[in-house]
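None of the figures in this text is laboratory data; all of them are computed from the coordinates on show. This one's a predicted model, so the numbers in the text were calculated from it and none came from an experiment. Cβ sites come from the backbone with ideal geometry, for glycine too, and all protein chains shown count toward neighbours.
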Amino acid sequence: MSDPKIEGYVFKPGFKGMAQDTGSDQTMFKGVHWGKAMMWIFLLSDTFIFSCFLISYMKGRGSTLVEWPNPSEVFALDAFGVPVPLLLIAIMTFVLITSSGTMALAVKYGYEKNRKMCGWLILATAIGGLTFVGMQAFEWSKLIHEGVRPWENPFGAKQFGSFFFMITGFHGTHVSIGVIFLFIYAYKTFAGHYDERKRGWFTTMKGDYVEIEILGLYWHFVDLVWVFIFAFFYLW
Amino acid sequence: MHPGIIFFLVIFGSVLFHIFTPWYWTDVASNWGGMDDTITLTFWVGGGVFVAVCLFMVYCVFKFSYKEDRKAEYKPEDKKLEKILTWATTLGVIALLAPGLVIWNQFVTVPKNALQIDVMAWQWGWQYRLPGEDGKLGTTQITNINDNNPFGINLDDPYGKDDVLIQSDVINLENNQPVKILLRSVDVLHNWYVPQFRAKMDAVPGIVTYYWFEPNKTGKYEVLCAEYCGVGHYGMRGGVIVQDNQDYENWMQKQETFSDLVAKQEALEAEKTKLAKK
Amino acid sequence: MEETKKQEQTTTHKIGIYLWIWGLLFVLSFFSYMVDWYQFQGLLRWSLILLFMFLKAGLIMAFFMHLFWERYALVNVLLWPMTAIACFIFLMVSEFKYTVFTRLFYFVVGGA
Amino acid sequence: MSEDFKDNKTIQAQSSETISGGGSGVSPDIDHVRPAEVEEQDLYHGHSFITKWIFCQDAKVIGVQYFLLATFTGIIGLILSWLMRLQLGFPGAASFMTAEHYYQFVTMHGMIMVVYFLTALFLGGFGNYLIPLMVGARDMVFPYLNMVSFWMFFIAVGVLLASFFVPGGPTGAGWTLYPPQTILEGTPGSGMGILLMCLSLILFVAGFTMGGLNYLITVLQARTRGMTLMRMPLTVWGIFTATVLAMLAFPALLVGALMMSLDKILGTSFFMPTILKAGEVLEYGGGSPILFQHLFWFFGHPEVYIVALPAFGIISDLISVHSRKNIFGYRMMVWAIVGIGGLSFFVWAHHMYVSGMNPWFGFFFATTTLIIAVPTAMKVYNWILTLWRGNIRMNTVMLWCLGFIVTFVNGGITGIFLGNVTVDVPLSDTYFVIAHFHMVMGIAPLMVIMGAVYHWFPLVAGRFLDEKLGKWHFWATFLGAYSIYFPMHYLGFIGVPRRYFEMYDSPYVASATGMNEFISLAAFLVGAAQFILIFNIIKTLKTGKPAGSNPWKACSLEWLTPTVPPEHGNWGDRLPVVHRWAYDYSVPGAKEDFITQTTPPSEVVNTGVEKT
């Protein structure tokens, strides 16, 4: 994406450009749609939420004297009779990254106004997200079956279950909300709302393919959070 | 009346209040006179700035009250003045901070000869434990606490056997003997605070916190709980009696150790079983 | 709202870059899975986990979320607040170490 | 729905003409302002009573709604403070006052005043009303979201007040809600009360996030032509920075409230270590109470500045307008606001010096905290230097400003006591702390709110508030509040601890009995004085002196709307074009003693105006 063209405004690159944009009138993020700017700021706020969760988890895990369960064993899955560590988690990661890729392509085709391609890719993303949520539900039920509860677990420190259900639950909620919106946006794309610049249901804004990018930002963020959860919760 | 006069009177009254106030610190009874000094320093610097700023404001209000024919000065920026003020403030702040940090360093560094005292808090009361002859406190667990073991001392810890138990909310301290207060709570947050000693620290369930001081005035002091701990917070008082060496030793002789307590309880048990057999 | 003029000028990226990043993400995920598979321990495990994590996060943010192509005004607004988080993490590390120290010392080990 | 947008078509057609050309007929080069980057905003114009006044998408109406609801909860907080002072000054005077009730009143008073009154009023109330007007936007960028934000706040307040009527009553854990006592027996309202409190906070945060996104994006992306960030009035800077803080600080509160609810409902042990209660060991174990304190204050300290920064911004504008002088050192003021905001994320544990955290943190947090004192002091200097050589109108607004300076400097200086770690040890958890934070973030922001009400009422209602009543209101509030909190510091010096239901049995506290009675009487007076304002507003809404446009002769945009009060869409057919900062007062050589932001340079060529 090269710089947008704005009448009477010559873009400077890098930090000079930053000073120039910040000092200019009307907008600070040149050519950035209001909704996109909003999504970025929202994601920044959401980052702080997840950071607080993960910091609490670090503090909680670090300060308990009871042994922390070994995630590699707890999350192992029997494949053909052999326990494979983190098998399900690996597949979930794979699915989420796949859906992130399709989303990135959907954004690209959206900007090219390729309605069909964009719609199908969003639908694929939604299905990927749904699969992820389904597998997470499976993982939860497996752990609950094994006796892990938010308030206790048979493997060691109480906090293991608490943090696991809370953090993956909060992340799963984000994924689920994303899936709902993906389906809605897939419908809107196929119905051509973005080509006709049809107004949204709750907003006075005209429809635009930039909305796909906004949703894409949210979806990639969900993926991004999973990267951190994967590293800190399953691998640590 | 011109509003400036009232503002002036408010400032003037504040200064008078400070000079004539009957409400002020209790006399310090520990080594933390340094804290009082930092407060005094901050008070004079801060109070000076407060009075100066407010008097300047009052001056402006008198001098530059609205007049139809006056035009205010137009001067968007005065870099030089701003620079001077910034540096002056920075220096003032450093002057206040530095002694504070020095004393904090003393506060967190406990002298080697300090007597350790385990202060155990619950809703809503206190009790104390002193090390015995070995000079060391035994480890504890909340889950061990029961009628026979009111402090929850780990039975397999050899250091715990001779610990002196004081099941009272009043404790005696030896004058001029530094003490390290080890705070422990079995339920919620508490804070063992004697205003005359200046220092305080929360007792947090799940960990042990500490602070130290050296009492240097004999007498009786009241202990207050200084961290909100539920409806009984305001009634959670205790006491400290600071004594000279001889009195303290006498008092110490009368206290019971953990093994005394265990022996007494065992004797009691044996008595009971004997009676039951009869 | 958004100027319509902008639409035509927005050049999209070649599909190749997305596929590349996509592939890299799979490879990096595979590597971080291998860290667990081979049961690396200690500092090595830590640094590998963090390395792959930051690489993945960086790729997603830079390319999928287009941050690499955004102007610095936006990028800086998003990244500077992370210093507060970094400070929080740093202090909480020393806090949990202190907590676990007092717990071990006064409840388990003793002898002081 | 489509016909609702018809009005916009004409607006768009007209305003697109203004995109080229600088406005005036001559259009010399010096007046040139870059054309608009973004299209005109579509607005949803309500036609029915419900869409115009209740579920309204106009930021100005939402601002007034926020203001009224926040004031309503504030009055509840005020009544609670009366009840507390009744107990402290005259123990036993009210038969219903048990320790449980006292602690519930303390808690609800604190939470209501900090979050539901001050935060909502400054950001929701003043933010909504003033931001679009001051940056020259037609409305907030996402009007629908803005409306939902208010109604979320409404529900949050509803849930909060509902906790008064559940079994066990509202939580009495202190506004800091420290676990473990918050959710254990022995604390009033440890059942439904605390759950409703957490739920209400979560709703508030969710609602606030919607509003906050609006404020931020409106300031960043929807300014009018010529309005650079460095030409914005300081009010907008203050509210903007406070909103940034809120967006980044509320997450910590949300996480803390969520985890505490889980500890209560599910019996998780996030904040709960092994606990012995009434002879029984509870099911909890291994958690860390200090973690909650860190989360709470990671939110809580920025929260202080969420309240203070809008106050700083607003007071700067009021002082400047009514001294007929530009704000002294505008750039310094902006950087001070931004710097204070940024630093506020690195100082949180100065609330925890005696909490039992890692003692070495004391060094770090004392240093960062005292660094904040420097930009804060600069702001104070700049306020009084603005008065200096000004032409000060001694009206009610200016009185509130002067009252603010006195109380803020007082409270700021006691902040240096409490921020400096060693000085804090004897004073923390005593009445000194109460006196400090009421002075600095209770009374001082209240002075600003009142000043702002007297200042902007002519814009909102088109009429002046009564000056005479205003002066009575000011003197009763200022003198009363000062005599509550100034002597209270000395109670702290004695060592009287906070949150004591009664304390007269302690020997060294006995001397304070008289002072406590005096403070209580002053508190009753100050509380009652606030009803003068309500009476004043009701009286002047119908009979007040009509204000006309720009009655204070101010430079900033909000006074330059074509109609007073401004209509939906704010600017009629044409958006304003900005040529200068908001502070060109008393420019030598100018016809009048102010040059508005929209005055093109070609009209003031022969004056001594500086380029801004």
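Overview of values
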item: Using θ = phi - 60° and Karplus 6.51 cos²θ - 1.76 cosθ + 1.60, couplings along segment D:267-278 (whole Hz; Gly, Pro as x); result: x, 5, 10, 5, 10, 10, x, 4, 10, 9, 9, 6
item: Proxy reagent accessibility, fewest Cβ within 10 Å first, across B:Glu133, C:Glu70; result: B:Glu133, C:Glu70
item: Partners for A:Lys36 among aspartates and glutamates (Cα-Cα distance below 13 Å; same-chain residues under 8 apart left out); result: A:Asp208, A:Glu211, A:Glu213, C:Glu2, C:Glu70
item: Share, in percent, of DSSP beta bridges within the protein assembly as shown that are antiparallel, nearest 5; result: 75
item: Rounded if a/c under 1.5, otherwise prolate or oblate - the protein assembly as shown, Cα gyration tensor axes; result: oblate
item: Fewest-first sequence of A:Lys142, A:Lys36 by Cβ atoms within 10 Å of each Cβ; result: A:Lys142, A:Lys36
item: Relative contact order (%) - segment B:115-271, alpha-carbon pairs under 8 angstrom, separation at least six; result: 25
item: Per-residue ³J(HN,Hα) for segment B:225-233, Karplus 6.51 cos²θ - 1.76 cosθ + 1.60, θ = phi - 60°, Hz, x for Gly and Pro; result: 7, 10, 10, 3, 9, x, 4, x, 3
item: Dipole magnitude of chain D about its Cα centre (Cβ charges: Lys, Arg +1; Asp, Glu -1), debye to nearest 20; result: 1160
item: Proxy reagent accessibility, fewest Cβ within 10 Å first, across D:His579, D:His47, C:His13; result: D:His47, C:His13, D:His579
item: Cβ charges +1 (Lys, Arg) and -1 (Asp, Glu), total dipole of the protein assembly as shown, debye; result: 2520
item: Formal net charge of residues neighbouring D:Leu130 (Cβ-Cβ distance under 12 Å; K, R +1; D, E -1); result: -1
item: Dipole axis of segment D:509-606 (+1 Lys, Arg; -1 Asp, Glu on Cβ), positive-most option in D:Val587, D:Pro546, D:Asn570; result: D:Pro546
item: Cα-based shape type of segment B:102-164, given that a ≥ b ≥ c are square roots of the gyration tensor eigenvalues and the cut on a/c is 1.5; result: oblate
item: Qualifying lysines (Cα of each under 18 Å from Cα of D:Lys52; at least 8 residues distant if same chain); result: D:Lys6, D:Lys60
item: Anisotropy class of segment B:115-271 from Cα gyration tensor, a/c 1.5 cut; result: oblate
item: Positive-pole candidate from A:Thr27, A:Thr47, A:Leu65, dipole of segment A:1-110, charges at beta carbon; result: A:Thr27
item: Those lysines that a straight Cα-Cα span of less than 22 Å connects to D:Lys471, excepting residues fewer than 8 apart in one chain; result: B:Lys63, B:Lys67, D:Lys539, D:Lys542, D:Lys545, D:Lys553
item: Normalised contact order of chain A, rounded percent, pairs of Cα under 8 Å and 6 or more residues apart; result: 23
item: Chain B: relative contact order in percent, alpha carbon pairs under 8 Å with at least 6 residues between; result: 19
item: Dipole moment magnitude, nearest 20 debye, segment A:85-161 about Cα centre, only Lys, Arg, Asp, Glu C-beta charged; result: 340
